[in-house]
Amino acid sequence: MQLQYVLDNFTSLFIGGLVFGSLYALVALGYTMVYGVLQLINFAHSEVFMFGTFATVWALYLIGADAETTGLALVGSLAFAMVVAMITSGGVALLLERVAYRPLLKRGAPRLVALISAIGASFVLAEIMGLRGPIMAALGLDDEFDRYVARSRENVGMPVDRTPTVQFEILGHGVTNRDIIIVASAVVMMVLVDQFVRRTRIGRGIRAVAQDPETSSLMGVNSTRVIQVTFLIGGLLAGAAATLYMLQVGITRYNAGFLLGVKAFTAAVLGGIGNLRGALFGGLVLGVAENLGAGLFGSEWREVVAFAVLVLVLLFRPTGLLGESLGKARA
């Protein structure tokens, strides 16, 4: 145990935890919104995020961004990549809702069946990405798209320079432009979604379906459209998180969404699954706890801390720290 190390580097570990916690929070929102509306844990959401990471890299390749791209050109390239990632993840989320869940909902299938469908969809999406090389080779397109399909199951890295620049110091720790971008982007997007759900007509529809789907249908709420919008918002945020993740971590692979998805789900449970603000709170708390745990016990214990938090929350407060559901949120 390295208690003195944690005390000496507390600020650095805390801020690093906030950065990763922001990523967890953005992905957690997809879990918490779908659960709030459908009472379903969408385990395939981690693959929605994974598709966004690849879309980020491919978008940068597409516009020719590389290590020489700097300044405003780099900012513009990353902004373009984020838009492409959000569209891609949003599209995958809508496809997932249409193929894996809607037919089951129409038939009134038990939730266990939908849960199994979610797990199956998660594996299918990951394997599709992992088999992109052989699939394109079978179609005779591997040469034309070699940059996009090569190294199907290996790490794929960002083509641009991600070196951060220190902007200011807090208690001796240098806060970089990358830290600021990730945390600020996550908070702004979470606030926008929170206000969208609380202030707009479709947001009131989401809350109505979350609270009582049958009564909301009798009142004229189009539940199918509400569910689509819920999946779309979760997908868009997962895409944004994917670009920020690539900015921070720099590499992805076909199964990159699994571990981050588990942590995002843990963050959603920690904050109170079905609670929008709980997703942000849970993500930040988990990120900081994980970083402090890694500092205290060693980096190999980082994942153990996340799983330990999940078990403890489920044991002692299964409704999460904030607990309020999406359906009970007040405008």
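State whether one or more residues within region 57-66 are in a helix (DSSP H, G or I), acidic (Asp, Glu) and out of contact with any Leu (no Cβ under 6 Å at 6 or more places or on another chain). Steps first, answer last, please.
Filtering region 57-66 down to residues in a helix (DSSP H, G or I) leaves 57-62.
With the extra rule that they be acidic (Asp, Glu), the set shrinks to none.
Among the residues of region 57-66, not one is in a helix (DSSP H, G or I), acidic (Asp, Glu) and out of contact with any Leu (no Cβ under 6 Å at 6 or more places or on another chain), which makes the answer no.
For residues that are among the charged types (D, E, K, R) and either farther than 20 Å from residue 230 by Cβ or free of Cβ contacts under 8 Å to residues at least 24 places away in the same chain (or both), scanning just region 102-125, find the one that is most open to solvent (accessible area, probe 1.4 Å). Give the steps one after another, and end with the answer.
Residues of region 102-125 among the charged types (D, E, K, R): 102, 106-107, 111.
Remaining after also requiring either farther than 20 Å from residue 230 by Cβ or free of Cβ contacts under 8 Å to residues at least 24 places away in the same chain (or both): 106-107.
Values: 106: 157, 107: 182 Å².
Only one residue fits best here, namely 107.
Please determine, by comparing only the residues of region 176-200 that are touching a strand residue (DSSP E or B) at 6+ places or on another chain (Cβ under 7 Å) and surrounded by fewer than 16 Cβ atoms within 10 Å (Cβ to Cβ), which one is farthest from residue 69 (Cα to Cα).
First pass over region 176-200, keeping only residues touching a strand residue (DSSP E or B) at 6+ places or on another chain (Cβ under 7 Å): 176-177, 180.
Filter once more, so that each one left must be surrounded by fewer than 16 Cβ atoms within 10 Å (Cβ to Cβ): 177, 180.
Values: 177: 17, 180: 21 Å.
Among those that are touching a strand residue (DSSP E or B) at 6+ places or on another chain (Cβ under 7 Å) and surrounded by fewer than 16 Cβ atoms within 10 Å (Cβ to Cβ), it is 180.
Tally the residues that are of a type in the set (A, V, I, L, M, F, W, C) and crowded, with 24+ Cβ neighbours inside 10 Å, restricting the search to region 242-259. Spell out how you get there, then give the answer.
Here is the first cut: in region 242-259, the ones of a type in the set (A, V, I, L, M, F, W, C) are 242, 244, 246-247, 249, 251, 256, 258-259.
Adding the requirement that they be crowded, with 24+ Cβ neighbours inside 10 Å leaves 242, 244, 246, 256.
Of the residues in that region, 4 qualify.
Output the residues belonging to region 126-175 that are surrounded by fewer than 16 Cβ atoms within 10 Å (Cβ to Cβ), in a strand (DSSP E or B) and in contact with a helix residue (DSSP H, G or I) (Cβ under 7 Å, 6 or more places away or on another chain).
167, 170
Is at least one residue of region 267-274 within 13 Å of the chain's Cα centre (by Cα) and in a helix (DSSP H, G or I)?
Residues of region 267-274 that are within 13 Å of the chain's Cα centre (by Cα), as a first pass: 267-268.
Retained after the next criterion (residues that are in a helix (DSSP H, G or I)): 267-268.
Yes, because at least one residue in region 267-274 is within 13 Å of the chain's Cα centre (by Cα) and in a helix (DSSP H, G or I).
Pull up region 203-230, narrow it to residues that are assigned to a helix (DSSP H, G or I), modelled with pLDDT under 90 and of a type in the set (Val, Ile, Thr), then point me to the one that is farthest from the chain's Cα centre (by Cα).
The selected residue is 215.
Identify the residue in region 275-312 that is of a type in the set (S, T, N, Q) and part of a helix (DSSP H, G or I) and, among all such residues, is least open to solvent (accessible area, probe 1.4 Å). Explain how you work it out, then say what you get.
Taking region 275-312 as the starting set, the residues that turn out to be of a type in the set (S, T, N, Q) are 275, 291, 299.
If we keep only those that are part of a helix (DSSP H, G or I) as well, we get 291, 299.
Values: 291: 17, 299: 88 Å².
For region 275-312, the residue satisfying everything is 291.
Looking at 27, 92, which is the one that is closer than 30 Å to residue 150 by Cβ, assigned to a helix (DSSP H, G or I) and open to solvent by 10 Å² or more (accessible area, probe 1.4 Å)? Spell out the reasoning first.
Numbers: 27 fails: open to solvent by 10 Å² or more (accessible area, probe 1.4 Å).
Answer to the check: 92.
The values are calculated or read from the model by the stated rules, or taken from the named source; none is laboratory data. Remember, predicted model here, so these are calculated numbers, not experimental data. A quick note on method: Cβ atoms are made from the backbone with ideal geometry, for glycine too, and the neighbour counts reach across all protein chains shown. For the accessible areas, the whole protein counts, side chains as well, though only heavy atoms, and no ligand, DNA or RNA atoms are used. Shrake-Rupley method; radii C 1.70, N 1.55, O 1.52, S 1.80 Å.
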